[in-house]
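Read-outs throughout are calculated quantities, based only on the coordinates presented, and are distinct from any laboratory measurement. Treat the numbers as computed from the prediction; the structure is a model and nothing was measured. Here the Cβ is made from the backbone with ideal geometry for all residues, glycine too, and neighbour counts use every protein chain on show.
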Amino acid sequence: MDLFQTIIAILESTIRVSVPLIFAALGGLFTERAGVFDISLEGKMLGAAFAAGAVAAVSGSVMAGLLAAILISVLLSLVHGYASITQRGSQIVSGVAINFVVAGSTVILGEAWFRQGGRTPALSGDARFQTVTLPFAEAVKDVPILGPIYSDLLSGHFILTYLAFAMVPFSWWVLYRTRFGLRLRAVGENPGAVDTAGISVIWLRYRAVICAGILCGFAGAYLSLAMSAGFVKGMTAGKGYIALAALIFAKWRPLNIMLACLLFGFLDALAIRLQGNPLPLIGQVPVQLMQALPYILTVILLAGFIGKAIPPKAGGIPYVKER
Amino acid sequence: MSDIAIELRGIDKSFGLVHANKNIDLTVRKGTIHGIIGENGAGKSTLMSILYGFYQADRGDILIDGKKVTIKDPNAAIASGIGMVHQHFMLVENFTVLENVMLGAEGSQVLNASISRARLELKRLEHEYALEVNPDALIEELPVGLQQRVEILKALYRKADILILDEPTGVLTPPEADHLFRILGQLKEQGKTVIFITHKLREIMAITDEVSVMRRGEMVATRKTKETSVEELAELMVGRRVLLRVDKGEAHPGEVKLAVEGLTVRDSRGVTMVDNVSFNLRAGEIVGIAGVAGNGQSELLEAISGIRKAVSGKVLLGGAAIDVTGHADPAELRERGLAHVPEDRHHVGLVLKFEESENGILGYHRDKRYLNGAFLDMKAIKADAEEKIRKYDIRPPNPRLKTANFSGGNQQKIVLAREMERNPEVLIIGQPTRGVDVGAIEFIHKRIIEMRDQGKAVLLVSVELDEIRALSDRILVMFAGRIVGEREPDATEGELGLLMAGIEENREAAE
Amino acid sequence: MSNPYAKLPAWAEYGLIPLVNLVVAFLVAGLVVLLVGENPLEAAYHMVNGAFGRGEYIGFTLYYATTFIFTGLSVAVAFHAGLFNIGSEGQAYIGGIGVALVCLWFDATMPWFIVFPLAIVGSALFGALWAFLPGWLQAKRGSHIVITTIMFNFIASSLMVYLLTRVLKPLGSMAPQTRTFEAGGQLPKLDWLLSIFGLDIGNAPFNVSFLLALLAAFAVWALIWRTRFGYEMRTMGHSPSAGRYAGISETRIIIIVMMISGGLAGMMALNPIMGEQFRMQLDFVQGAGFVGIAVALMGRSHPAGIIPAAILFGMLYQGGAEIAFEMPSISRDMIVIIQGLVILFAGALENMFRPAIGRAFAGLGRRSAPAVQTGGA
């Protein structure tokens, strides 16, 4: 295979692995910009993936699966909201708890209901998302350079893939161009300003965590209904934490999030590709280094060595009126 | 139509055991600037927060334009035409002026239309009230004076007819304050009603039409500004002299124990809080620093005790310099004989979740007498605590009780016992009797005098003028970060009050 | 004020509230059991029986408990200084390197009682080093310790895969693990301890590191409540402003506390590596670091609470295996659910039942404490 094709193939799989990261990181964007830290992206995504796989398998409908994914993920968000907004508990502890509860329940329920070692039955046909071929993909296939880029790299993805990338400008628009977004960003910086402006801090934050629930629902559904044909236990495999890292790495900005997710996705794709193959000039790069790179980069960023990641000012602090 | 903008009837509010507002009546006429004056903690801010819907009154009615209203949240207040400029600005720092003004009053779901509408409206307001500010500037890049202007614009943008300003000049420079007064005058001319809360007499005299005085949660008087005087207001604010009788002999000041030279301290916002302060403190005397809260006393104490870095200046403790502009270590200062009773015992002087005996060694926990090597000597700590409990009559006499469960007076005794029993050369005390029951006050005062008689140098900061006058051998008055005068303890209350209000100083400057 | 419900008696604070949280967590877990069509009471019976029914079962329960004591202490120490160390998992993992290196070097030449102390030092050292960096970053650069420790968990995991597949694996072997240690790298079992009670340990890997865990619990108690350093870290944890007033260096406290926390987590590695598997395998920590969070929250960060909480989780792990055997539709993942629920109710929702319990006490106890809080208005 020549180099160009290899690059196309790596980029194609970059896009594929980036999609759940983008959904989840955008979800995290909504809650964290509203001042609620959310390390339960992983759990929400996993719960959604399971719900999607289970319902799609039973109903045979991919849409029913998607809806179930969103429903479960939103429910988990509400638990997080209840603990951290209403009960003013620790947002971190609440997130950790949700991740465990989901990690355990998906296996138990999956095994009990389907008896396939924690998997849901393999999906096919209408129970699974199909890839979409963009118009003229076949026709332009043989045009040099641009042809493969269009037909192989950009065409032939799932509808959720295109949705994920569409969500990036949409999230930007919501956050920066709507009333809801203005208030949401305000509540993450200075809830007092929002409260004195006559807006309910609590309801606003609940809406933010619900947004995260919906987006993580898409992320989970993508995993079990598109990327794979069904749910496999523990299938998020830390993607929620990578998304969290991407969110921080992107300094809580939508466009940066897409770029960070693509970067982390690219590292992942490259790692798989490089397994056992030495890189020219550099020689053998341990796969594990590639896998750890997103986290290492995030730590370096957090340490303030490459720019400074300044989280929303009111993040992590439950809102209590003075006195 | 009545000419009364707001009427409060019998407003009553308690927070736990603190009775913040006691049966308050207040009438504010339309188109006037109505001042509300009182010392810190008099209940002014609570009253205004009730009016703005931040708190609910336990009892009482609010009438706006003669109609009884229920203000259950800020939304209702805004709907009733009330706008408020908070003491701590309620602005989103990384938003633009325009975004802050719009927040909560955007009009439509999508911002595009609201932004252009807000821009126009802002232009109009700027024009009408001479409130120029760049709508696209970020708040964090604006000076405090302009940030405040944004707060006023926010209220006007919401079509407020009644504007409440809570201690608006606290963060302003004098020229900025003057500008604010011009703006308020303009607002009055346009028919707006302004409620102006302050503890500064000069401001009341300068701009208000009427003034109401609050003291200890009560509304004690309302006067037409023209018909009253600074002296009368000062007396109303502080109250008739409560005779504090402290038996105290003559002072025998010795050598200088603490020398402060040209000390300047800024707070985290960069505002100068202590401005080139110099004074000496001698062995065997009590020097009291009088002043209305927020005039730099807290920062002065913190800088001397090594908690807060000073910008410039020198402090000599027993003749040797303290590195106040660098790494002064509070623990080291203690070893050198400086004891410090901080103003805020809940967050600074004590760890409320600790047992009483544990707080008895806070700051002295490196002392060998409490240690066996790296280990705490529990027996010694307990014995020490029991001795102090006996000597200071701390109740209940249980060294294992959590500190949060002691009353304010007993908590203060825990701190005092710790700091006084170390036999320090210099003792600095902030607000020795704040939130302390009457019984304990006398005891605490006696102990402070005893310290002096033992030849200790005592620096006392208090917002209670009575206390300063009763205990001090010399009184320094602090205003706006500077020491504006020194008086003997027999100076009259009025004289001190004027100094504290920064009036005397202005007269002297004018002459 | 800082704690509006501060007036519960100690036994309610440390006994009743954790119990209520636990009961609720079990009730919700019971619902999950119902959801999979099984009888929760039967599951509970199998769990208790599986954990305590035989000497061997008890041995396994205590073996797991040993691990959780270490990680629970690790999380708790950090809590006392106001730090949330989610990184015990990674610190334990890296701590394994210290254990493995000592064993690989000395196992053939030295007896276990020489190797063991060296391995303790090794494990604590490696764990502490892995915690040093997040601590340093928090203290000096203000990087949020929760996020950095999460990141360090993943970095540790990648590093260990690399080491076990490339460096520490014996030549010619395919499995990602070190060679099996000789006698010097194997800890003796505590069969004699159980036999005192007439129990037969069977195959259970209950070993001397349990005694080390108890010792560590005592040492942590002494450190927190009986040393100058413990006093300083508690002051910092409760009130940083009081800490500054007392002249305590926040930087120093954060870094040292994190290293102690990491050291305790690292010592956890002794139990599985020298006590059970006699080699270092991939993923030997198996989430014990996270269990530590639950254990610390339930034990209210006090060693006297952590030991029973660790035994409880040991029971869940061992009894869970029994449930999985008797009731195939309930796998050991049930424990993970319960762990999550305990964290939720004892941690994030700790204030949900407290006001009600507090009111109940206020209603009961008319012999009121002289608790008067006067706030500055």
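Structural remarks
- Relative contact order, whole percent, for the stretch B:4-238 stands at 29, derived from Cα pairs under 8 Å and 6 or more residues apart.
- Sorted largest first, the spans of the alpha carbon positions of the stretch C:28-127 along the three principal axes are 53, 39, 21 Å.
- Given R0 = 45 Å, the distance between the Cβ atoms of A:Q275 and C:S241 translates into a calculated FRET efficiency of 0.30.
- Positive-pole candidate from B:G319, B:L300, B:T173, dipole of chain B, charges at beta carbon: B:L300
- Under 18 Å from a label point set 7 Å out along the Cα-to-Cβ vector of B:M378, the amide N atoms of the stretch C:212-251 belong to C:215-235.
- Under the criterion of Cα pairs below 8 Å and six or more residues apart, the relative contact order for the stretch C:36-122 equals 17 percent.
- Mean residue ellipticity at 222 nm, helices only, chain A: -21000 deg cm²/dmol; runs of at least 4 DSSP H residues each add -39,500 (n - 2.57), and the sum is divided by the number of residues.
- Annotation: the antiparallel percentage among DSSP beta bridges lying fully within the protein assembly as shown is about 60.
- Here the contact order of chain A, divided by its residue count and restricted to Cα pairs under 8 Å and six or more residues apart, works out to 34 percent.
- Pairwise FRET efficiency - B:V220 versus B:I4, Cβ, R0 = 22 Å, nearest 0.05: 0.60
- Sorting the Cα pairs of chain A by distance into bins of 10 Å, from 0 upward, gives 6, 25, 32, 24, 10, 2, 0, 0 percent per bin.
- In a DSSP loop and with at most 14 other Cβ atoms within 10 Å, the GluC sites (Glu not before Pro) in the stretch B:228-330 are B:E250, B:E255.
- Taking a straight Cα-Cα cut-off under 18 Å and skipping sequence neighbours fewer than 8 places away in the same chain, the lysines within cross-link reach of B:K72 are A:K321, B:K13.
- Compactness of the protein assembly as shown - radius of gyration and Dmax, Cα, Å: 33.6, 106
- Loop chymotrypsin sites (Phe, Trp or Tyr not before Pro), the stretch A:224-319, which have at most 13 other Cβ atoms in a 10 Å radius of their Cβ (DSSP): A:F305
- Straight-distance crosslink candidates among lysines, where the alpha carbon sits under 16 Å from A:K251 and sequence neighbours closer than 8 are dropped: A:K308, A:K313
- Placing unit charges on the Cβ atoms only, positive for Lys and Arg and negative for Asp and Glu, gives chain C a dipole magnitude near 1360 debye about its Cα centre.
- For chain C, calculated [θ]222 nm from helices alone, where every DSSP H run of n ≥ 4 adds -39500 (n - 2.57): -21000 deg cm²/dmol
- Rg/Rh ratio calculated on Cα atoms of the stretch A:186-291 (Kirkwood radius): 1.13
- Whole-Å semi-axes of the ellipsoid equivalent to chain B (Cα gyration tensor, √5λ, descending): 44, 25, 24
- Dipole-positive endmost among C:Y245, C:M174, C:L187 within the stretch C:60-297 (Cβ charges, Cα centre): C:Y245
- Both radii come from the Cα set of chain C: Rg as radius of gyration, Rh as Kirkwood radius; their ratio Rg/Rh reads 1.00.
- For the pair B:E232 and B:R336, a Förster radius of 51 Å applied to the C-beta separation gives a FRET efficiency near 0.60, rounded to the nearest 0.05.
- Cross-link pairs exceeding 26 Å in C-alpha to C-alpha distance, out of A:K44/C:K169; B:K68/B:K159; B:K154/B:K188; B:K309/B:K402; B:K159/B:K224; B:K67/B:K159, comprise A:K44/C:K169; B:K309/B:K402; B:K159/B:K224.
- Net charge of neighbours whose Cβ lies under 11 Å from the Cβ of B:E231, counting Lys and Arg as +1 and Asp and Glu as -1: -4
- From helices alone, chain B scores -10000 deg cm²/dmol at 222 nm; the rule is -39500 (n - 2.57) for each run of n ≥ 4 DSSP H residues, then divide by the residue total.
- Angstrom value of the Kirkwood radius, inverse mean 1/r, which spans all Cα pairs in the stretch C:196-323: 16.7
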